[in-house]
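Here the structure comes first, spelled out in structure tokens, and everything after it is commentary.
The values are calculated or read from the model by the stated rules, or taken from the named source; none is laboratory data. Quick caveat, the model's predicted, so the values are computed rather than measured. Neighbour counts are summed over all protein chains in view; Cβ atoms, including those assigned to glycine, are modelled from backbone coordinates with ideal geometry.
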Amino acid sequence: MKISLNEAIDKVLAKLDSWLELLISMLPNMAVALILLVIFVVLAKAGTRVFKKVFSKASHNKSLEDLFSSIIYYTILGIGIFIILGVLRLDKAVTSLLAGVGVVGLALGFAFQDITANFISGVILAFRKPFHITDVVVVNDVMGIVKRSNLRVTVIQTFQGQEVYIPNKDVLQNPIYNYSILGKRRIDLMVGVSYGENLEMVESLVTETIKNLEGVIDPDNLIFDYYEFGSSSINFNIRFWISFPGQPGFLAIRNRAIIEIKKVFDEHDITIPFPIRTLDFGIKGGEKLSEMKLSLDKSSIKE
């Protein structure tokens, strides 16, 4: 069936007329939608400002603050858009959009499980605050200074000069040793003296030496204890506290303590023995090597 040009033009004009009528009838709805858009933009900005004020009292994590601010902003704006679509009688579009968001969200949840876990762990760490920037920590067998932390990783600078990026999930699931939170650290030194020394004098000399060492704090809590009869020495521990982190540092004070203990031992002729082995000859023992009769098996001698 052939359609004349006039009929086609009439159909187009009729369609345009219907659209124009629909547009005119929708003008009040569009005005309301525009007003709602302005209102929800203002609400989103106001909600973001209120959240930042409240959040700043609970945490100083800037990245977390920016993230949640964006989430709140776009959530309020998204609610407004759904309401506006309803006002414009686009209910089917709203339903389709929600269904699509649900499917996409489910797919992304399976595809990015590790990223989601690190994100949630980063949020928990930001609120729990097991450490702060510049704290000295041990996390996942990595010791160093916390340089920065975001919602994906925690960055630790080791004392060897490397930066280690540890996923927040691993940080949260492993023990965290914080050496800075109490402001002090204990140094444990193990030393041995010979069996011929006066043990009371050794204890007195070592404790006085450590108490007078620069950087030692709380000298009343210094602990000295003999703990074993070793193979060639009587061994003891000396335990004392220092400010940490601080100056002098941990390694410097430990180094100085070893030097001073050795110095005071030398001044009082106290020996730090080295292992000695006694060789005992003979089947039953007690024979000297010079007194043993050496016999040769004639059958083993080759001409």
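Regarding region 222-241, can at least one residue be identified that is part of a helix (DSSP H, G or I), at pLDDT 90 or above, of a type in the set (D, E, K, R) and surrounded by 12 or more Cβ atoms within 10 Å (Cβ to Cβ)? Within region 222-241, not a single residue is part of a helix (DSSP H, G or I), at pLDDT 90 or above, of a type in the set (D, E, K, R) and surrounded by 12 or more Cβ atoms within 10 Å (Cβ to Cβ). Among the residues that make up region 194-213, is at least one of them surrounded by 14 or more Cβ atoms within 10 Å (Cβ to Cβ), part of a strand (DSSP E or B), out of contact with any Cys (no Cβ under 9 Å at 6 or more places or on another chain) and not acidic (Asp, Glu)? The answer is no; no qualifying residue exists. Residues that are crowded, with 16+ Cβ neighbours inside 10 Å and either small (Gly, Ala, Ser) or at pLDDT below 90 (or both) within region 250-263 comprise Phe250, Ala257, listed in sequence order. Has region 96-106 got any residue that is surrounded by 14 or more Cβ atoms within 10 Å (Cβ to Cβ) and modelled with pLDDT of 70 or more? No, every residue in region 96-106 fails to be surrounded by 14 or more Cβ atoms within 10 Å (Cβ to Cβ) and modelled with pLDDT of 70 or more. On the stretch given as region 134-166, residues that are surrounded by fewer than 15 Cβ atoms within 10 Å (Cβ to Cβ), within 10 Å of the chain's Cα centre (by Cα) and modelled with pLDDT under 90 total 1. When each of Leu213, Leu199 is tested for being more than 16 Å from Ile253 (Cβ to Cβ) and without any contact (Cβ under 8 Å) to a residue 60 or more places away in the chain, the lone residue that passes is Leu199.
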